[in-house]
1. Compute the separation of the alpha-carbon centres of segment 1-63 and segment 114-176 and state it in Å as a whole number.
2. Only helices at least 30 Å long along their own axis, judged from Cα atoms, and with Kyte-Doolittle mean hydropathy of -0.5 or greater: name those in the chain from DSSP H.
3. Answer rounded, prolate or oblate for segment 97-202, using the Cα gyration tensor with square roots of eigenvalues a ≥ b ≥ c: rounded when a/c is under 1.5, else prolate when a/b is larger than b/c, else oblate.
4. From the Cα gyration tensor of the chain, with a ≥ b ≥ c the square roots of its eigenvalues, which class applies: rounded if a/c is under 1.5, or else prolate if a/b is larger than b/c, or else oblate?
5. For every helix of n ≥ 4 consecutive DSSP H residues, a contribution of -39,500 (n - 2.57) applies; sum these over the chain, divide by its total residues, and give [θ] at 222 nm rounded to the nearest 500 deg cm²/dmol.
6. About the Cα centre of the chain, what is the dipole size in debye to 20, counting +1 per Lys and Arg Cβ and -1 per Asp and Glu Cβ, all else neutral?
7. With the Cα gyration tensor of segment 1-79 giving a ≥ b ≥ c as the square roots of its eigenvalues, does the rule (a/c under 1.5 for rounded; else a/b larger than b/c for prolate; else oblate) give rounded, prolate or oblate?
8. Residues with amide H under 5 Å of F130's amide H, sequence separation 5 or more or different chain, H placed in the peptide plane at 1.01 Å from N; which?
Amino acid sequence: ANQVDDSKRGALIVVEGLDRAGKSTQVERLVKALDARLVKFPDRTTPIGRMLDSYLTQKSELDDRAVHLLFSANRWELAPSIRQDLEAGKTVICDRYAFSGIAYSTAKGLPFDWCLAPDATLPAPDLTIFLTISPSAAAERGGYGAERYEDREMQLKVKSVFEDVEDRVGDWMTVNADRSVEEVWKDVEKAAKNAVGLVTGPVRGLF
Ligand code: DGP
Ligand code: NA
Ligand code: NA
């Protein structure tokens, strides 16, 4: 294990991505390379997470605003332990975070600023890596899955909102995930290690 300098907090690194962009592979590599804790959102194991899982797998219907607040609540229920780990010097990788919340709900037609509000003051990432993929590269990687949101039209809308989010958020890096796993990893690893090295000061609040 890495020697932890107890005067230095851990880095919060978020990975966001479009469907088929290879997010899980990059996240897995990051967790190993940085000896980090992985937090996957939504965390489908909590009571709120089970409601979200049922919604995503299309076993239940929920009002768009209600579901948005549940996704946010799912992040808030994990937030204290994320903060605790960061303060103890542990690096935390989040597979999706508040930016997915904004992207998916705005893509469904909810107002951008309404979507942003419930996640304000969550622990702010030191780096957000957004894996983007062109529709043609996504199509070459095979069909979308059976979950809610996994279709071409929705993914195009989500992509466009992520591009708006990028303008509102600092410490953001967009990575072209049309390329091979190794090429993408080179960029991801470099940016993440750099972010870990640059961490200073207390955990900040989002937005
Ligand atoms: P995965 O591809 O395994 O990361 O699946 C998570 C799904 O949940 C994906 O379709 C994006 C969606 N999702 C994640 N976070 C949010 C959120 O905060 N709000 C909404 N509406 N959807 C989200
Ligand atoms: Na998915
Ligand atoms: Na930005």
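Each reported figure results from applying straightforward, stated rules to the coordinates on display, with no laboratory input. Since we're looking at a predicted model, the values are computed, not measured. Glycine gets a Cβ as well: all are built from the backbone with ideal geometry, and neighbour counts include every protein chain shown.
1. Using only Cα atoms to place each centre, the spacing works out to 14 Å.
2. Correct list, ordered by number: 64-87.
3. oblate
4. Oblate is the answer for the chain, as a/c is 1.5 or above yet b/c matches or exceeds a/b.
5. -15500 deg cm²/dmol
6. In total the dipole reaches around 320 debye.
7. Since a/c reaches 1.5 and a/b is larger than b/c, the shape of segment 1-79 is classed as prolate.
8. Residues meeting the criterion, in which the H sits 1.01 Å from N, are E16, M173, T174, V175.
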